[in-house]
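Asker: Please read through the structure below; I'll follow up with questions.
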């Protein structure tokens with residue numbers, strides 16, 4: 001569950017949206033620090049129906065899957081079988097990993113920018 | 001060459017989703033009258049003939065549900081409101097009536113006129129007021145996401161006005177740069193969100209892509225490519241790090257999550273002094289998402305394609321000779337004078353991105369479309385003789 005309140009831990013939902021003020025100490029000059037509110041936990045809804053953009057993205061991934069992957073590697077799901085954002089993400093991740101199998105390199109824990 | 005341009009080694013573009021200029025930045029008109037924003041005097045008629053005035057009542061989520069229609073016919077109504085005269089007048093009076101068609105709810109349709117107050121969007125408005133905000137950056141097509149994003153990648157949508165841009169013949173900005181010995185990267189948020197450029201780039205050139213984690217690492221290590229294009233998270237989902245909130249700001253995703261993401265991109269660049277001094281960051285939205293803006297889109301140089309009635313779903317052929325609805329765009333660099341407002345006499349669109357990047361890193365590119373060649377470039381905004389030492393930083 002997305003929990004916007006657990007700010008100091010490795011918070012779900014925090015990885016890509018983390019902002020840190022550590023940069024104030026790295027440069028000379030005058031800085032204005034601006035606080036960015038975090039969304040409420042209720043904002044997260046992976047069961048939300050996939051919207052028109054995700055539906056188009058699904059069609060394109062299905063197209064690429066059919067064009068590039070041998071049958072034994074294909075996921076088998078059709079875009080019309082996928083209804084929620086979480087289901088879309090799961091399918092897109094599977095096809096992305098097959099199309100772009102590079103290993104994800106994670107930043108060091110101190111990379112909190 | 002101005003010292004800022006001399007120092008410029010990296011251009012980064014973050015393209016967000018589906019919000020109009022007035023909706024996101026229009027409130028800044030009250031702060032700086034040079035910003036061509038919105039106020040409570042602007043209105044659209046509703047289906048009962050009432051004047052619906054713009055108001056600073058936008059909410060972060062839950063208000064624009066269902067997603068406002070932004071397919072080609074819907075945008076045509078939003079801009080022209082059914083005008084069939086010749087030439088037609090882009091009145092920008094059809095937003096409320098168009099939104100009404102989705103729920104037949106008069107009160108709900110009026111929400112398409114709502115905009116954010118300045119203090120609701122501290123990241124976007126701070127960046128706009130501290131760096132350069134564009135008064136006239138338009139989406140490239142009066143239509144949806146993918147054809148508009150194609151202009152950022154290729155300088156054309158190859159005749160498409162919808163969501164299918166398959167197998168283009170022209171070279172993307174990434175291929176152009178690589179062919180010329182430069183480096184380029186598309187960063188998508190994670191594997192679950194991935195890229196909207198799968199059919200053309202990801203499946204053929206996966207080496208161009210990396211995740212947002214890698215962008216953060218590249219900024220920290222000073223190994224950013226010459227050109228980087230960042231895609232936000234397009235969905236609420238789980239990954240190995242837990243729940244991930246969509247950060248693209250596409251209705252009805254949470255707008256504050258997008259604010260955090262923009263801040264994250266900015267901080268990643270700004271926190272590396274060498275990178276900060278040598279990078280220009282453009283934050284721009286792909287299209288307006290069906291949400292009200294008051295500036296009529298102007299004409300533009302055609303790119304040689306046309307889309308017939310079967311594609312436009314209207315009775316006429318579109319010759320790619322006018323732009324889509326205005327979107328927020330902000331250019332960020334310590335070489336830009338604080339509070340720059342790019343005037344109404346300069347019109348930009350997404351073809352400005354490949355034209356600018358190509359011109360800066362490669363030089364003239366004869367194979368570009370006429371449309372791209374005619375698109376304004378924006379690096380002249382890095383005009384300061386000495387780099388600024390003031391800035392903003394964002395924290396939670």
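Asker: Taking the range B:179-190 as the region of interest, how many residues are assigned to a loop (DSSP other than H, G, I, E, B) and surrounded by fewer than 19 Cβ atoms within 10 Å (Cβ to Cβ)?
Answerer: Of the residues in the range B:179-190, 4 are assigned to a loop (DSSP other than H, G, I, E, B) and surrounded by fewer than 19 Cβ atoms within 10 Å (Cβ to Cβ).
Asker: In addition: Check B:11, B:35, B:79 and return the single one that is part of a strand (DSSP E or B) and within 19 Å of the chain's Cα centre (by Cα).
Answerer: On inspection, the qualifying residue turns out to be B:11.
Asker: Considering the range B:195-207 alone, what residues qualify as being touching a strand residue (DSSP E or B) at 6+ places or on another chain (Cβ under 8 Å) and surrounded by 23 or more Cβ atoms within 10 Å (Cβ to Cβ)?
Answerer: If the condition is that a residue be touching a strand residue (DSSP E or B) at 6+ places or on another chain (Cβ under 8 Å) and surrounded by 23 or more Cβ atoms within 10 Å (Cβ to Cβ), then B:195, B:197, B:202 are the ones that fit.
Asker: Kindly check whether there is at least one residue in the range B:8-28 that is surrounded by fewer than 19 Cβ atoms within 10 Å (Cβ to Cβ) and free of Cβ contacts under 8 Å to residues at least 40 places away in the same chain.
Answerer: Within the range B:8-28, not a single residue is surrounded by fewer than 19 Cβ atoms within 10 Å (Cβ to Cβ) and free of Cβ contacts under 8 Å to residues at least 40 places away in the same chain.
Asker: Within the range B:360-377, which residues are over 16 Å from residue B:330 (Cα atoms) and within 20 Å of the chain's Cα centre (by Cα)? Working first, answer last.
Answerer: Taking the range B:360-377 first, the residues over 16 Å from residue B:330 (Cα atoms) are B:360-375.
Within the range B:360-377, B:371, B:372, B:373, B:374, B:375 qualify.
Asker: Same structure, new question: Could you list all residues from the range B:208-226 that are more than 7 Å from chain A (Cβ to nearest Cβ) and in contact with a strand residue (DSSP E or B) (Cβ under 7 Å, 6 or more places away or on another chain)?
Answerer: Hits for the range B:208-226 are B:208, B:210, B:215, B:224, B:225, B:226.
Asker: Does residue B:357 satisfy the condition of being assigned to a strand (DSSP E or B), touching a residue at least 60 places away in the same chain (Cβ under 8 Å) and either crowded, with 17+ Cβ neighbours inside 10 Å or under 16 Å from the mean Cα position of the chain (by Cα) (or both)?
Answerer: Criteria not met by residue B:357.
Asker: What is the residue count in the range A:25-66 for residues that are more than 7 Å from every other protein chain (Cβ to nearest Cβ), assigned to a helix (DSSP H, G or I) and out of contact with any helix residue (DSSP H, G or I) (no Cβ under 8 Å at 6 or more places or on another chain)?
Answerer: Kept after step one, since they are more than 7 Å from every other protein chain (Cβ to nearest Cβ), are these residues of the range A:25-66: A:25, A:40-42, A:47, A:49-50, A:55, A:58-59, A:62, A:65-66.
If we keep only those that are assigned to a helix (DSSP H, G or I) as well, we get A:25, A:41-42, A:55, A:58-59, A:62, A:65-66.
Next, from what is left, pick out any that are out of contact with any helix residue (DSSP H, G or I) (no Cβ under 8 Å at 6 or more places or on another chain): A:25, A:41-42, A:66.
The qualifying residues number 4.
For (1) assigned to a loop (DSSP other than H, G, I, E, B); (2) out of contact with any helix residue (DSSP H, G or I) (no Cβ under 8 Å at 6 or more places or on another chain), each residue gets a yes or a no:
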{"residue": "B:99", "(1), (2)": "no, no"}
{"residue": "B:107", "(1), (2)": "no, yes"}
{"residue": "B:116", "(1), (2)": "yes, no"}
{"residue": "B:146", "(1), (2)": "no, no"}
{"residue": "B:177", "(1), (2)": "no, no"}
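Rule-based calculations on the coordinates, nothing more; no lab input. This is a predicted model, so every value here is computed, not measured. Because the Cβ atoms are built from the backbone with ideal geometry, glycine has one as well, and the counts that use them run over all protein chains shown.
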